[in-house]
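Reviewing the structure listed below.
No lab work stands behind these numbers, since they all come straight from the coordinates. These numbers were taken from a predicted model, which means no experiment stands behind them. In this analysis, Cβ positions are derived from the backbone assuming ideal geometry, glycine residues included, and neighbour counts consider all displayed protein chains.
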Amino acid sequence: MSNSRVLIIYTGGTIGMNRNPLTGALEPFDFEHLISHVPEIRQFDTEISSCCFNPPIDSSDVTPDHWIRLVEIIAAHYDEFDGFVVLHGTDTMAYTASALSYLLENLGKPVICTGSQLPVGQLRTDGRENLVTSVEIAAAKDAKGRAMVPEVGIYFNGRLLRGNRTTKQSAEEFNAFESFNYPHLADAGVNIVYHRDRMLRPDLERGLQPHFKMDPRVVIFSLFPGVNETLIRHILSNPQLKAIVMRTFGSGNAPRSPWLQEVLLEAADSGKVVVNISQCLQGQVEMGRYDTGFQLQEARVICGYDSTVESAVTKLMYLMGRYDDPDMVRKGMTLNLRGEITLCE
Ligand code: ASP
């Protein structure tokens, strides 16, 4: 690796946290403190620059405004750097990585999100390896000088995953993330093995098309046996609401209660977009497979395929930020925009 320039954007998260001596709780600390625990980063033949959120935040406090700020930073420095590393708390990292994948259209350079389960100041930290390898991936180019990873990824515990395919799976293990419906983009052992056949292929002639708007008027609604009509009616009929990610059973099934179909149809008729995502971590929504799924199709519910919840909700925010017409949003949801869903041929 040589002659590359990488920008590290520190947003906060456990990786840079310190224990508050009064409360005993972990709280965000500044970037200089963080980097002082990873001096080996300076050994790379890569020029590293940094910028920080001030103050750094716990990722539970992340909002769409923070995603826009990240896009502004990346777009403003896009030509100066070969890759970007976003240091971020693990709790909402999959949402941020998904949001960035939509907002950074036709991305031709790596944007690698990483963090850690233990602060870098702790002896058994996973933060050092995550940070060092993320920088190496962000700097990596092929023999023709093209980025090895021209997309938004999450690097954690030896695996590089597509950002909008990833879910946080553990609050305990170092193996905090998995992309259940898409194979790893790279595996880091003794060598970093890049699976380039699995990566996106941006149009390098066209360049980056950044977007700076998201509309967050969406809810995630999970079905369960005994789901109550009055409560669901109350939420879904709210005129402020524009879209619903509905988490259904198995391959996209819902109770056959006539009221549910009626409420969903009313929502669709009033311009709301309802997307069907499975509560299962692995597999596809197939609304035609069972009668309990077929009825949703009749209520104008859109198929979310094998999308993660994080990806579906941020994709809706992105599409609603771009289009006022709900039919354009519905259409966008059925397209594979950034490798986020698997469409059967
Ligand atoms: N609460 C922390 C955060 O998401 C957890 C972490 O970084 O692992 O900011």
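Could you compute the FRET efficiency for Leu231 and Tyr323, with r as their C-beta to C-beta distance and R0 at 30 Å, rounded to 0.05? Provide the component values of the computation, followed by the final result.
Values: r = 30 Å, r/R0 = 0.99.
For R0 = 30 Å, the calculated efficiency reads 0.50.
Take Asp203, project a point 7 Å from its Cα along the Cβ direction, then tell me which residues of the stretch 66-109 have their backbone nitrogen under 15 Å from it. It comes to 105-108, nothing else.
What you get for the chain, charging only the Cβ of Lys and Arg (+1) and of Asp and Glu (-1), is a dipole of about 360 debye around the Cα centre. Structure remark: mean-square fluctuation, Gaussian network model of the chain, C-alpha springs under 10 Å; the largest value among Phe224, Phe249, Phe177 belongs to Phe224. The order of the peptides 46-53, 140-147 by mean Cβ neighbours within 10 Å, most packed first, is 46-53, 140-147.
Protection proxy ranking for 329-341, 103-115, 181-193, using the average of other Cβ atoms within 10 Å per residue and placing the highest first: 103-115, 329-341, 181-193.
The 3J(HN,Hα) values that the Karplus relation (6.51, -1.76, 1.60; θ = phi - 60°) gives for the stretch 52-66 are, in residue order, 9, 6, 10, x, x, 10, 6, 5, 5, 8, 5, 10, x, 4, 5 Hz. Gly and Pro appear as x. Counting Lys and Arg as +1 and Asp and Glu as -1 over every other residue whose Cβ lies under 13 Å from the Cβ of Phe81, the net charge comes to -1.
Equivalent-ellipsoid semi-axes (√(5λ), Cα gyration tensor) for the stretch 287-337, whole Å, largest first?
On the way: eigenvalues 93, 34, 13 Å².
Three semi-axes, in Å: 22, 13, 8.
Both radii were evaluated on the Cα set of the chain; the Rg over Rh quotient, with Rh as the Kirkwood radius, amounts to 0.99.
In terms of the Cα gyration tensor, with a ≥ b ≥ c the square roots of its eigenvalues, is the stretch 1-138 rounded because a/c is under 1.5, prolate because a/b exceeds b/c, or oblate? Write out the running numbers ahead of the final one.
Values: a/c = 2.01, a/b = 1.23, b/c = 1.64.
Taking the square roots of the gyration eigenvalues as a ≥ b ≥ c, the stretch 1-138 is oblate.
Model label sites at Arg196 and Leu343, defined 7 Å from Cα along the beta-carbon direction, differ in position by 2.6 nm. GNM on the chain, alpha-carbon springs under 10 angstrom: the most fluctuating residue among His195, His234, His211 is His234. In whole Å, what is the distance between the alpha-carbon centres of the stretch 277-303 and the stretch 181-223? Each part reduced to its Cα centre gives a spacing of 24 Å.
State whether the stretch 215-261 is rounded, prolate or oblate according to the following rule on the C-alpha gyration tensor (a ≥ b ≥ c being the square roots of its eigenvalues): a/c under 1.5 gives rounded; otherwise a/b larger than b/c gives prolate, and the remaining case gives oblate. The shape class here is oblate. Legend: distances between Cα atoms for Lys109/Lys168; Lys213/Lys315; Lys272/Lys331; Lys109/Lys242; Lys168/Lys242; Lys141/Lys315; pairs beyond 22 Å are Lys109/Lys168; Lys109/Lys242; Lys168/Lys242; Lys141/Lys315. Compute the label zone of Gln279 within the stretch 238-252: residues whose backbone N is under 13 Å from the point 7 Å along Cα-to-Cβ. Taking a point 7 Å out along Cα→Cβ of Gln279, the residues of the stretch 238-252 whose backbone N falls under 13 Å are 246-252.
Of the residues Ala176, Gly121, Phe81, the one whose Cα sits farthest toward the positive end of the charge dipole of the stretch 43-185, with +1 on the Cβ of Lys and Arg and -1 on the Cβ of Asp and Glu, is Ala176.
Can you give the charge dipole size of the stretch 22-103 about its Cα centre, rounded to the nearest 20 debye, using +1 on the beta carbon of Lys and Arg and -1 on the beta carbon of Asp and Glu? List each step's numbers first, then the result.
Values: 2 positive and 14 negative charges, 33 e Å.
Once rounded to the nearest 20, the dipole reads 160 debye.
Antiparallel as a % of all DSSP beta bridges within the stretch 1-105, to the nearest 5? Mind dumping the intermediate values first?
On the way: 3 of 16 bridges.
About 20 percent, rounded to the nearest 5.
Near Asn54, once Lys and Arg are set to +1 and Asp and Glu to -1 for all other residues with Cβ below 13 Å from its Cβ, the sum equals -1.
Charged neighbours of Asp291, selected by a Cβ distance under 14 Å, balance to 0 (K, R count +1; D, E count -1).
Would you work out if the stretch 224-305 is rounded, prolate or oblate? Take a ≥ b ≥ c from the square roots of the eigenvalues of the alpha-carbon gyration tensor; rounded if a/c is under 1.5, else prolate when a/b is larger than b/c, oblate otherwise. Write out the running numbers ahead of the final one.
On the way: a/c = 1.64, a/b = 1.47, b/c = 1.12.
Note, shape of the stretch 224-305 comes out prolate.
The string of couplings for the stretch 99-114 from the Karplus curve (6.51, -1.76, 1.60, θ = phi - 60°) is 4, 4, 4, 6, 6, 9, 5, 6, 4, x, 10, x, 10, 9, 8, 8 Hz, one whole number per residue in order, with x for Gly and Pro. Entry note, the chain: the mean residue ellipticity at 222 nm calculated from DSSP H runs of n ≥ 4, each adding -39500 (n - 2.57), is -8000 deg cm²/dmol after division by the residues and rounding to the nearest 500.
Selection among Thr342, Asn130, Ile9 by position relative to the dipole of the chain gives Thr342 as farthest towards the positive end (Cβ unit charges, Cα centre).
Only Lys, Arg, Asp and Glu carry charge here, each on its Cβ (+1 for the first two, -1 for the last two); on that basis the stretch 26-163 has a dipole of about 460 debye about its Cα centre. Taking a point 7 Å from the Cα of Leu118 along the Cα-to-Cβ direction, the residues of the stretch 166-207 with backbone N closer than 12 Å to it are 173-174. Which residue, Asn175, Asn253, Asn54, tops the fluctuation ranking in a GNM of the chain built on C-alpha contacts under 10 Å? It is Asn54.
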